[in-house]
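Accompanying notes for the structure given below.
Readers should treat all values here as calculations from the given coordinates under stated rules, not as data from a laboratory. This is a predicted model, so every value here is computed, not measured. Note: ideal-geometry Cβ built from the backbone for every residue, glycine included; neighbour counts use all protein chains shown.
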Amino acid sequence: MAIAYHVSKKGNDKNDGSPSSPFLTIQRAADLASAGDTIIVHEGEYREWVKPKNSGKAHDQRIIYKAAKGEHVTIKGSEV
């Protein structure tokens with residue numbers, strides 16, 4: 001069963017990644033995501049380097065990373 005994890009600058013990595021209780025970092029979602037899951041990143045600037053723990057299995061079972069609809073997301077590996 002595919003899961004959608006949510007990430008928000010207002011989140012916390014101790015949360016469950018749901019829309020009402022998002023993670024703070026993309027990496028936390030990447031640690032849990034598996035083939036077929038989606039990571040939805042909400043508005044903000046994320047300064048982190050993401051190393052996915054798992055990978056997709058096929059063309060129709062990828063892990064998808066995407067910005068939330070209508071929200072501007074910037075991901076930078078650089079420090080402030």
| request: Can you pull the one-decimal nm distance between simple spin-label points at Thr74 and Ala58, each 7 Å off the Cα toward Cβ? | output: 4.0
| Quick one: what do you get for region 34-80 if you divide its Cα Rg by 2.2 N^0.38 Å? | 1.29
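Taking N as the number of residues in the chain, what value does Rg over Cα atoms divided by 2.2 N^0.38 Å take? Could you put the intermediate results ahead of the total?
Numbers: Rg = 12.0 Å, N = 80, 2.2 N^0.38 = 11.6 Å.
Taking the Cα Rg and dividing by 2.2 N^0.38 Å, one obtains 1.03.
What number, in percent, do you get for the relative contact order of the chain if the mean sequence gap of Cα pairs under 8 Å and at least 6 apart is divided by its residue count? Write down the numbers at each step before the final one.
Details: 189 pairs, mean separation 22.8, N = 80.
Normalised by residue count, the contact order of the chain is 29 percent.
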| Sparsely packed chymotrypsin sites (Phe, Trp or Tyr not before Pro) within region 42-80, loop by DSSP, other Cβ within 10 Å at most 11 | Trp49
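Could you compute the longest span of the chain free of trypsin sites (Lys or Arg not before Pro) located in DSSP loops and having at most 12 other Cβ atoms within 10 Å, not counting the site residues? Intermediate results must be reported in sequence, preceding the final value.
Details: sites that count: Lys10, Lys14, Lys53, Lys57, Lys69.
Result for the longest clean stretch: 15-52.
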| query | What residue among Gly56, Gly70, Gly36 has the largest mean-square fluctuation in a Gaussian network model of the chain, using Cα springs under 10 Å? | reply | Gly70
| task | Please give the contour-minus-distance gain from Lys66 to Asp16: 0.36 nm per residue of separation, less the Cα-Cα distance, rounded to one decimal in nm. | result | 16.2 nm
